[in-house]
Structure formats: structure tokens, C-alpha cells
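Presented below is the structure to which this report refers.
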Amino acid sequence: MAYSMRIGIGYDIHRFDDQSGQLKLGGVTIPHARRLAGHSDADVLLHAITDALLGAIGAPDLGELFPPSDPTYRQADSRWFVEQACRRVHQAGWQVGNVDTTVVTDTPTLTPHKAKMRQAISRLLKVHVSAVSVKAKTTEGLPPATQGISAQAVVLLTKGRGNKRRRQGSRRPIHLRPGR
Ligand SMILES: [Zn+2]
């Protein structure tokens, strides 16, 4: 079978809620004075990743598959959306190669939470943590990052020769050190 690749892009934005509560980001609960408004748990990063996965296989997007108007998805755990998108990806014969993401917000500071988010996302996507990137950007006090959080995600899917070697390689532990 020939080796082939697909790429998908996802974007999402949620505004901060007036109520305090838990902030969910990348499948991780982050202590913050403000939570994000949304029908589900409003995990803006997982929503962007879900749309990137769905987009890569030409499937309908998150809002079409799981409409906010449907009470089934009220307060939904967004990890479930990612799992559903992954299931479709695998059913279509694709493997996730890697995912690269950017979260845009001025608060909270995401640096202390990035490792946990990468781990959570890698578990959901069934890939090694090195295949997951979570980058954070601020907008230096300019809107919309003061009023909410947005996220972008790009995923690469692979199929065919090379997947086996890729999977074996992904089992090797990695030891990241700065300045290497
Ligand atoms: Zn969303």
C-alpha cells in the first residue's frame, strides 16, 4: 500500500464566563478565577483538535456532528469529542502522525500546565507525547485574548508503509533537555 498523508486544521474560541468555575484546557483542569462559557465543558483546545482530526478525513465538523442545540452534549466532557473523532480517523484507516497547537490567551499563564496538557492529549490520540505540541501565545493585552481563549490545531495523519516503523519508534522513551 502506498504511503499517504492527510493534514487537518482546527480553530475555536470561547469567551470567559461571568461565573467562576473550573477552566478545562487540553483535557486538564486548570485553576483560574474565570471559566469559559460553552454548552459542553468549553475545552477550546480539544475542540480545535477535534475539528482538525475531522477536517483531515473530510468528515463533518464538531458543531455539525455534536450540535450545541442537542441536550445530550450539555456539560459534555470534550475528551469524548476527541475520542469520537479519533475513532473515525482509525476507522478510515489513518494513524495520527502528530498534532501541533497554539492557545491564545493572556490569562492564565499556561507554561506550568503545558506538560500535563500534552500528556492528556497524547493519551487521547494514542500517540507518544513527543508527537503533541501545545504552544501558548498572549496578545499583550489586546482583545480578544483578554475576553476569552482561542486555540488553533494542525494534525497530520498517515496511512500505509511507514506506520509500523513509526509506531515502534514512538514507544521509545524520550529525554528532553533544554539546550541540547
Ligand atoms: Zn468550542
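The values are calculated or read from the model by the stated rules, or taken from the named source; none is laboratory data. Note that the coordinates shown come from a computational prediction; the quantities given were computed from them, not determined experimentally. When we count neighbours, we look across all protein chains shown, and the Cβ atoms used for this are built from the backbone with ideal geometry, even at glycine.
For region 107-129, give me each residue that is in a loop (DSSP other than H, G, I, E, B) and crowded, with 19+ Cβ neighbours inside 10 Å.
110, 127 - these are the residues of region 107-129 that are in a loop (DSSP other than H, G, I, E, B) and crowded, with 19+ Cβ neighbours inside 10 Å.
Out of (1) at pLDDT 95 or above; (2) within 16 Å of the ligand (Cβ to nearest atom); (3) farther than 17 Å from residue 137 by Cβ, what's the single condition that is false for residue 17?
Residue 17 satisfies all of (1) at pLDDT 95 or above; (2) within 16 Å of the ligand (Cβ to nearest atom); (3) farther than 17 Å from residue 137 by Cβ except (1).
Identify all residues within region 37-50 that are near the ligand (Cβ under 9 Å from one of its atoms) and either surrounded by fewer than 23 Cβ atoms within 10 Å (Cβ to Cβ) or of a type in the set (Phe, Trp, Tyr) (or both); write none if there are none.
38, 39, 40
Please work out which one of (1) within 20 Å of residue 150 (Cβ to Cβ); (2) surrounded by fewer than 13 Cβ atoms within 10 Å (Cβ to Cβ); (3) aromatic (Phe, Trp, Tyr) is the condition residue 3 fails and give its number.
(1)
Looking at region 51-66, I want the residues that are within 13 Å of the ligand (Cβ to nearest atom) and have a partner that is among the polar types (S, T, N, Q) with Cβ atoms under 6 Å, at least 6 apart or on another chain. Which pairs are those?
62/50
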